[in-house]
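Scroll down for the structure; my scribbles are underneath it.
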Amino acid sequence: LSAKRKAKLSWKAEKEKQEEERRKALDAEEAKLREQLRNQTLQRAEKMVMERTEKVRQFRSQKMLTDALTTRNEQVKEKKAMAQKEVEHEKKWHSFVIKSVQDANQKAAHEEEQRKRNRDLIAADLRRQIHEQNEQRRLQNLQKREEELMMIE
């Protein structure tokens with residue numbers, strides 16, 4: 001009986017010991033998790049404090065300035081490129097207009113030359129016709145005189 005009681009007490013003590021070890025392990029794990037959470041909270045707090053420091057604010061200010069200057073430089077380059085394209089476009093347009101004017105002038109000169117040739121041809125033809133008419137009149141007059149002379153004789 002006493003051995004059974006001792007065995008039972010021994011088993012109970014062993015069970016309580018195992019339970020206690022399990023609780024200790026669980027407590028140790030919970031303590032480890034609490035420590036990790038505490039460390040994370042401390043790191044976050046340190047980060048927030050650091051961000052509030054003057055150096056960090058200055059750094060951010062300088063970064064914003066740098067970004068603004070970079071953007072401005074890009075805008076200036078883009079504006080120059082657009083101005084250059086506009087100049088090139090204007091040059092092409094100017095060349096086109098000059099060529100069109102030259103072509104129109106050449107065409108007008110050619111047409112004027114053609115009209116002059118036509119006028120010269122017409123004038124030459126008229127002179128020839130006038131000359132022929134004068135010659136015919138002179139011949140008619142001569143013929144008339146000869147006839148008159150013949151009639152007189």
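General observations
- Any chance residue 65 is over 60 Å from the mean Cα position of the chain (by Cα), of a type in the set (A, V, I, L, M, F, W, C) and part of a helix (DSSP H, G or I): no
- Any hit, region 68-88, residues being in a helix (DSSP H, G or I), among the hydroxyl-bearing types (Ser, Thr, Tyr) and modelled with pLDDT under 95: no
- For first residues located in region 32-50 and over 23 Å from residue 60 (Cβ atoms), partners that are hydroxyl-bearing (Ser, Thr, Tyr) and lie 6+ apart or on another chain with Cβ distances below 8 Å do not occur.
- Counted residues, region 51-65 - those being exposed (fewer than 11 other Cβ atoms within 10 Å of the Cβ) and of a type in the set (Lys, Arg): 3
The values are calculated or read from the model by the stated rules, or taken from the named source; none is laboratory data. What you see is a predicted model, and the numbers here were worked out from it, not measured in a lab. In this analysis, Cβ positions are derived from the backbone assuming ideal geometry, glycine residues included, and neighbour counts consider all displayed protein chains.
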